[in-house]
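Colleague: Submitted below is the structure of interest, expressed as structure tokens.
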């Protein structure tokens, strides 16, 4: 009797658990199906971005003008990419607006995780306004809108260079390398160059920038490796980076530093005198911020020295887009348009002073914003940066990032890190990366 | 005549009452367990079933469509040298993690067994690392290990054990793994300590007294009485250390980023799944990790656990 009851109780509890699960599941489905694609008024949109929110007053103004409330979630870039992938693969709602990094455009074009924005933005007018638009377009599809105008730029601690007796800043790579040796030899800075050798994305982009400075590219337009020959720019760039580490131009500690750690712990404290591939905006947001820097006023942007003169500055922009699972598409579009307004872009980068700044926001994405920023005179080095964007800005991959870019980058930073750590040679690192590219592009 | 009848009826009523009471209390117990059951079904069992199915599928949104792949994901995993390296590394993590946690947990448990002034405060401090998230610990320890500013370098240099600051993590495999593992050991040892301490407090004092009367020394007491009596606590501590070491991720990610020198199975799972978007291989790796975790946990329990009654 008791046993029989026990069985029946187990059954009942299991049934109850299943019923509760079904109710919960049903509610979730019902909630997720209650989407609103048309009306954008009186809705709250979720925005998940790898930047801190702008001041509340700015968002309140947007809400006042449009009736759209913004729930802004600031997530670290890596975490955000994980969440985007997990939500998209599970086909669940995650946000109405989120990050579309330049490096993910090829992937998102193939996976169709984001809504094409062509019907909301006129491509013909965008082309003249956005210097880095090509990084967000694949086969005519606008996968995301450029949200900032980030570039890879060279920064130099001019005070240290002057101390070493270097009066003119380097405009060629050979002079740059010689100047670094001089700084080291004269004991001005023990390890004058900052290269972030941790196995992370910042190491890959550093190599791309140095490869560009040496007059080449890492991949062809059809995504074939262009770095396997010893005379190629990519091979030379990697060899130079690894030698710089082994000969002490770069501190040992850098093997474990990601890009931002190098900027904040070394460059901002006078432990390095130059970053070849820095973030545009770091002078104003890191090096000239007295609370976190001991080199305020000493560091400036410098045209990136190349083999025979000024080198290109590769684009590193973040964009924004609308995931397919977005619940409020029209409101999301209005929000993106607001984010892209030149006055707002300039304000985010500091054109109105600190009050409307988005912390770490590097540069406006469009020419209107860039022009307002330069005119404001409130951001250190802004005019130099605008000049670099217009004259030397170039996409990392002229044909756009390949859909398998994350695997490629993973192979680059893992093997380049290994070469610096001494667990493999440059030749084997190059060979391993090329092998990954061939298998991915086949 | 009526007496026995009344007595029989009363007996039957008492039995019925006891049965109802038992039913009610059992129903209540099941009712209280039901929410947990829902969570286990929804958050553990259901994903495990899906993972098992998807581990045999090609699921890669960059190269659609999804299709049945048989053992293809597993073959790919075992032929990938970076993943094979992570298997080896994880073996080291388990060795260091379980060994150090059990030894340190037992040692601290024995030290804290004796009553002394401020014992409560010491216990509260000891448990602190357990409360910190793995990422926070990784960041704290990255400062400790830092080759430029790190406390470890500073201490070792001031003790003249180092002539110049060293890079501890990144170049040498075993050293990198040991130092990364130490961060996790620092986190999980407090729980092991508490488990051992709880077991120690259950040992009757008479056993120690009898041993002392028989002339047993300190080591004999530990070996013949203490260790055998705390086997249940040790078993749980060892399994806890085993599970966390097999699944180490946060500390590896913060201290080692994506380098293969000290990569773990979980860090590879993360990179393959969320960076490479190869969900099929990610599921296969997860399934492998689950099976290995369950098998080794059961093996550890069988090896260490013994029922102890006093």
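Colleague: Does region A:317-324 include one or more residues that are in contact (Cβ under 8 Å) with a residue 24 or more places away in the chain and closer than 30 Å to residue A:174 by Cα?
Modeller: Checking region A:317-324: at least one residue is in contact (Cβ under 8 Å) with a residue 24 or more places away in the chain and closer than 30 Å to residue A:174 by Cα.
Colleague: More than 14 Å from chain A (Cβ to nearest Cβ) and assigned to a helix (DSSP H, G or I): which single residue out of B:209, B:175 fits that description?
Modeller: B:209
Rundown of residues vs (1) more than 14 Å from every other protein chain (Cβ to nearest Cβ); (2) modelled with pLDDT under 95; (3) over 30 Å from residue A:353 (Cβ atoms), yes/no style:
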site: A:194; (1), (2), (3): no, no, no
site: A:246; (1), (2), (3): no, no, yes
site: A:249; (1), (2), (3): yes, no, yes
site: A:257; (1), (2), (3): no, yes, yes
site: A:268; (1), (2), (3): no, no, no
site: A:284; (1), (2), (3): yes, yes, no
site: A:289; (1), (2), (3): yes, yes, no
site: A:294; (1), (2), (3): no, no, no
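Colleague: Could you check region A:299-332 and list, in sequence order, the residues that are in a loop (DSSP other than H, G, I, E, B) and more than 22 Å from residue A:81 (Cβ to Cβ)?
Modeller: Result: A:303, A:304, A:307, A:308, A:311, A:312, A:328.
Colleague: While we're looking at this one, here's another question. Every residue in region B:56-71 that is within 22 Å of residue A:408 (Cβ to Cβ) and either touching a residue at least 24 places away in the same chain (Cβ under 8 Å) or surrounded by 14 or more Cβ atoms within 10 Å (Cβ to Cβ) (or both), please.
Modeller: Correct list: B:58, B:59, B:60, B:61, B:62, B:63.
Colleague: Hey, could you check region A:219-261 for residues that are part of a loop (DSSP other than H, G, I, E, B) and free of Cβ contacts under 8 Å to residues at least 24 places away in the same chain and say which is nearest to residue A:272 (Cα to Cα)?
Modeller: A:247
For (1) more than 24 Å from residue A:348 (Cα to Cα); (2) in contact (Cβ under 8 Å) with a residue 12 or more places away in the chain; (3) buried (at least 19 other Cβ atoms within 10 Å of the Cβ), each residue gets a yes or a no:
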| position | (1), (2), (3) |
| --- | --- |
| A:263 | no, yes, yes |
| A:266 | yes, yes, yes |
| A:269 | yes, yes, no |
| A:276 | yes, yes, yes |
| A:282 | no, yes, yes |
| A:287 | no, yes, yes |
| A:292 | no, yes, no |
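Colleague: Can you name every residue in region A:396-408 that is more than 14 Å from residue A:234 (Cβ to Cβ) and in contact (Cβ under 8 Å) with a residue 40 or more places away in the chain?
Modeller: Once the filter is applied, which keeps residues that are more than 14 Å from residue A:234 (Cβ to Cβ) and in contact (Cβ under 8 Å) with a residue 40 or more places away in the chain, region A:396-408 yields A:398, A:399, A:400, A:401, A:402, A:403, A:404, A:405, A:406.
Colleague: Please go through region A:175-208 and give me each residue that is within 23 Å of the chain's Cα centre (by Cα) and under 21 Å from residue A:309 (Cα atoms), ordered by number.
Modeller: Within region A:175-208, A:193, A:205, A:206, A:207, A:208 qualify.
Colleague: Looking only at residues that are assigned to a helix (DSSP H, G or I) and at pLDDT below 90 in region A:349-380, which one is surrounded by the most Cβ atoms within 10 Å (Cβ to Cβ)?
Modeller: A:356
Colleague: Also, quick follow-up: Mind counting the residues in region B:149-159 that are surrounded by 14 or more Cβ atoms within 10 Å (Cβ to Cβ) and more than 14 Å from every other protein chain (Cβ to nearest Cβ)?
Modeller: Selection size over region B:149-159: 2.
Colleague: Where residues in region B:62-75 are in contact with a helix residue (DSSP H, G or I) (Cβ under 6 Å, 6 or more places away or on another chain) and not in a loop (DSSP other than H, G, I, E, B), which of them is nearest to residue B:275 (Cα to Cα)?
Modeller: By that ranking, first place goes to B:73.
Rundown of residues vs (1) in a helix (DSSP H, G or I); (2) touching a residue at least 40 places away in the same chain (Cβ under 8 Å); (3) buried (at least 21 other Cβ atoms within 10 Å of the Cβ), yes/no style:
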| residue | (1), (2), (3) |
| --- | --- |
| B:147 | no, no, yes |
| B:161 | no, no, no |
| B:165 | no, no, no |
| B:194 | yes, yes, no |
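Colleague: Working only within region A:114-126, note down all residues that are surrounded by fewer than 24 Cβ atoms within 10 Å (Cβ to Cβ) and in contact with a helix residue (DSSP H, G or I) (Cβ under 6 Å, 6 or more places away or on another chain).
Modeller: Hits for region A:114-126 are A:120, A:126.
Colleague: Can you go through A:195, A:166 and tell me which one is within 21 Å of residue B:147 (Cβ to Cβ) and either crowded, with 18+ Cβ neighbours inside 10 Å or assigned by TED's automatic domain parsing to the domain that holds residue A:385 (or both)?
Modeller: Within the list A:195, A:166, the selection yields A:195.
Colleague: Return the residues of region A:264-288 that are more than 21 Å from the chain's Cα centre (by Cα), part of a loop (DSSP other than H, G, I, E, B) and under 26 Å from residue A:178 (Cβ atoms); say none if nothing qualifies.
Modeller: A:270, A:271, A:272, A:273
Colleague: Still on this model: Report yes if residue A:411 is free of Cβ contacts under 8 Å to residues at least 60 places away in the same chain and under 22 Å from the mean Cα position of the chain (by Cα), otherwise no.
Modeller: Taking the combined requirement at face value, the residue satisfies it.
Colleague: Got a sec? Which of B:123, B:112 is part of a helix (DSSP H, G or I), on the phi < 0 side of the Ramachandran plot and at pLDDT 90 or above?
Modeller: B:112
Colleague: Specify the residue that is farthest from the other protein chains (Cβ to nearest Cβ); the eligible residues are those in region A:391-442 that are closer than 29 Å to residue B:170 by Cα and not in a helix (DSSP H, G or I).
Modeller: Only one residue tops the list, namely A:396.
Colleague: I've got another one for you. Checking the condition farther than 20 Å from residue A:267 by Cβ and more than 28 Å from the chain's Cα centre (by Cα), which residue from A:211, A:167, A:172 passes?
Modeller: It is A:167.
Colleague: Pick out, from region B:230-310, the helices (runs of 4 or more DSSP H) lying fully within it that include 1 or more residues that are within 14 Å of another protein chain (Cβ to nearest Cβ) and over 16 Å from the mean Cα position of the chain (by Cα).
Modeller: Passing ranges, in order: B:250-256, B:265-270, B:279-304.
Colleague: Now, a different point. Could you check residue A:172 against (1) more than 18 Å from residue A:309 (Cβ to Cβ); (2) touching a residue at least 24 places away in the same chain (Cβ under 8 Å); (3) in contact with a strand residue (DSSP E or B) (Cβ under 9 Å, 6 or more places away or on another chain) and say which number it fails?
Modeller: Failing condition for residue A:172: (1).
Colleague: May I ask you to say which residue of B:50, B:41 is modelled with pLDDT under 90 and either outside any helix (DSSP H, G or I) or within 11 Å of another protein chain (Cβ to nearest Cβ) (or both)?
Modeller: Among B:50, B:41, only B:41 is modelled with pLDDT under 90 and either outside any helix (DSSP H, G or I) or within 11 Å of another protein chain (Cβ to nearest Cβ) (or both).
Colleague: For the list (1) over 22 Å from residue A:385 (Cα atoms); (2) within 14 Å of another protein chain (Cβ to nearest Cβ); (3) crowded, with 21+ Cβ neighbours inside 10 Å, I need the number of the one condition that residue A:227 fails.
Modeller: (2)
Colleague: Moving on to the next point. Going residue by residue through region B:100-107, is there one that turns out to be crowded, with 17+ Cβ neighbours inside 10 Å, at pLDDT 95 or above, under 21 Å from residue B:205 (Cβ atoms) and assigned by TED's automatic domain parsing to the domain that holds residue B:249?
Modeller: Yes, some residue in region B:100-107 is crowded, with 17+ Cβ neighbours inside 10 Å, at pLDDT 95 or above, under 21 Å from residue B:205 (Cβ atoms) and assigned by TED's automatic domain parsing to the domain that holds residue B:249.
Colleague: Test each condition in (1) surrounded by 18 or more Cβ atoms within 10 Å (Cβ to Cβ); (2) in contact with a helix residue (DSSP H, G or I) (Cβ under 9 Å, 6 or more places away or on another chain) for residue A:59 and report the one that comes out false.
Modeller: Tallying (1) surrounded by 18 or more Cβ atoms within 10 Å (Cβ to Cβ); (2) in contact with a helix residue (DSSP H, G or I) (Cβ under 9 Å, 6 or more places away or on another chain), residue A:59 fails exactly one: (2).
Colleague: It is to be established whether one or more residues within region A:289-298 are assigned by TED's automatic domain parsing to the domain that holds residue A:380 and part of a loop (DSSP other than H, G, I, E, B).
Modeller: no
The values are calculated or read from the model by the stated rules, or taken from the named source; none is laboratory data. Everything numeric in this text was worked out from a predicted model, so none of it was measured. When we count neighbours, we look across all protein chains shown, and the Cβ atoms used for this are built from the backbone with ideal geometry, even at glycine.
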